Amino acid sequence: MDKKKIDRINELAKKARSSDGLTPEEMTERAKLREEYLNAIRQNFKQTLDNIEIIDKGE
């Protein structure tokens, strides 16, 4: 996920906490961006786990 999208997520989060709140369109955009962000995190985590090699030295 690129920096622009992460920055936009942060902008929307800040606006949601303000007295202005979010418009319905912004809520939809935020949900879409969050899902995309979570999918990227899951993919990176899965890739990390796939690259782990367990070595059992025995006892």
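Overview of values
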item	result
Net charge dipole size for the chain [Lys, Arg +1 and Asp, Glu -1 on Cβ; Debye, nearest 20]	300
Dipole axis of the chain (+1 Lys, Arg; -1 Asp, Glu on Cβ), positive-most option in M27, I41, I52	M27
Cα-based helix-to-principal-axis angle, 3-17 vs the chain, degrees rounded to 10	50
Computed label-point distance, nm, for sites R42 and K5 using a 7 Å Cα→Cβ extension	1.4
Rg followed by Dmax, in Å, when the chain is reduced to its Cα trace	18.0, 63
Crossing angle, helix 24-50 versus the chain [Cα axis fit, 0-90 degrees, rounded to tens]	10
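No value in this document is a laboratory result; all are computed from the given coordinates. Nothing here was measured: the structure is a model prediction, and the numbers come from that model. Note that each Cβ is placed from the backbone with ideal geometry, even for glycine, and that neighbours are counted across all protein chains shown.
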